[in-house]
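The block underneath contains the structure these notes are about, expressed in structure tokens.
The values are calculated or read from the model by the stated rules, or taken from the named source; none is laboratory data. The model shown is predicted, which means the values in this text are computed figures rather than measured ones. Cβ placement follows ideal geometry from the backbone for every residue including glycine, while neighbour counts extend to all protein chains displayed.
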Amino acid sequence: MFDKNLWLFLVVMTSINGVVWYFRSKKYIKANPELKQGYNRLIRGFFIYCNLPWLLIAIFRHAGLIQNSFDLAKPHNYQTGVIIWHIVVSFLVIAGTYWIFSLKGAEILCSHPGLFENTFNNKNNITVEIIKKFWLVVVLSAFIVELTLWV
């Protein structure tokens, strides 16, 4: 049962994070209304791009392209849905890297405070360098996971 609805659980959890971003942005928009459009674009992008892999799981399950969510951990079995899912996730990582480094995504995130504030002390001490280094860890982790799954 859980496996059948794993995608829904992941969409809900991702969306909760998006809603938290939305409510955190309110106080910053109130202080500086010029940030509203940027927050709206960031939050909309978060909802779309971060939920895409989970929605693909639902579509592929419904279409019979994957039998269960655990198939995603076995790309070497060459199921069509699994291969497409790994390509899409890899593309999202590449697109995210391009956005962070080439399209000044790190700077955009830093200019919109509150999205990455420390939940424990409400300090917004995130810098461009921290975002870029964190993203490199994400990319390296994704690469290692992909490599491990394919070998």
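Which of the residues belonging to region 99-116 are part of a loop (DSSP other than H, G, I, E, B) and on the phi < 0 side of the Ramachandran plot? Quick ask: steps written out before the conclusion?
We begin by selecting, within region 99-116, every residue part of a loop (DSSP other than H, G, I, E, B); these are 102-104, 111-116.
Result: Ser102, Leu103, Ser111, His112, Pro113, Leu115, Phe116.
Tell me which residues, restricted to region 16-46, are over 26 Å from Ala95 (Cα atoms) and either outside any helix (DSSP H, G or I) or not aliphatic (A, V, I, L, M) (or both).
Here is the first cut: in region 16-46, the residues over 26 Å from Ala95 (Cα atoms) are 23, 26-34.
Correct list: Phe23, Lys26, Lys27, Tyr28, Lys30, Asn32, Pro33, Glu34.
Can we say Arg24 is touching a residue at least 60 places away in the same chain (Cβ under 8 Å) and closer than 16 Å to Cys110 by Cβ? Spell out the reasoning first.
Values: touching a residue at least 60 places away in the same chain (Cβ under 8 Å): yes; closer than 16 Å to Cys110 by Cβ: yes.
Judged against the criteria, Arg24 is a match.
Can Ile29 be described as in contact with a Lys or Arg (Cβ under 6 Å, 6 or more places away or on another chain), modelled with pLDDT of 90 or more and surrounded by 13 or more Cβ atoms within 10 Å (Cβ to Cβ)? Yes; evaluated as a whole, the condition is true for this residue.
Considering only residues of region 80-132 that are at pLDDT below 90 and surrounded by 14 or more Cβ atoms within 10 Å (Cβ to Cβ), which is farthest from the chain's Cα centre (by Cα)? Across region 80-132, the extreme among qualifying residues is Asn124.
Taking the stated definitions as given, is Ile59 out of contact with any strand residue (DSSP E or B) (no Cβ under 8 Å at 6 or more places or on another chain), part of a loop (DSSP other than H, G, I, E, B) and either of a type in the set (Phe, Trp, Tyr) or farther than 26 Å from Lys26 by Cβ (or both)?
Working: out of contact with any strand residue (DSSP E or B) (no Cβ under 8 Å at 6 or more places or on another chain): yes; part of a loop (DSSP other than H, G, I, E, B): no; either of a type in the set (Phe, Trp, Tyr) or farther than 26 Å from Lys26 by Cβ (or both): yes.
Considered against the rule, which asks whether it is out of contact with any strand residue (DSSP E or B) (no Cβ under 8 Å at 6 or more places or on another chain), part of a loop (DSSP other than H, G, I, E, B) and either of a type in the set (Phe, Trp, Tyr) or farther than 26 Å from Lys26 by Cβ (or both), Ile59 comes out as no.
Apart from one condition, Leu103 fits all of (1) under 23 Å from Glu146 (Cβ atoms); (2) without any contact (Cβ under 8 Å) to a residue 24 or more places away in the chain; the exception is (1). Is it true that Phe70 is within 19 Å of Val145 (Cβ to Cβ), more than 18 Å from the chain's Cα centre (by Cα) and of a type outside the set (D, E, K, R)? Yes: the conditions hold for Phe70.
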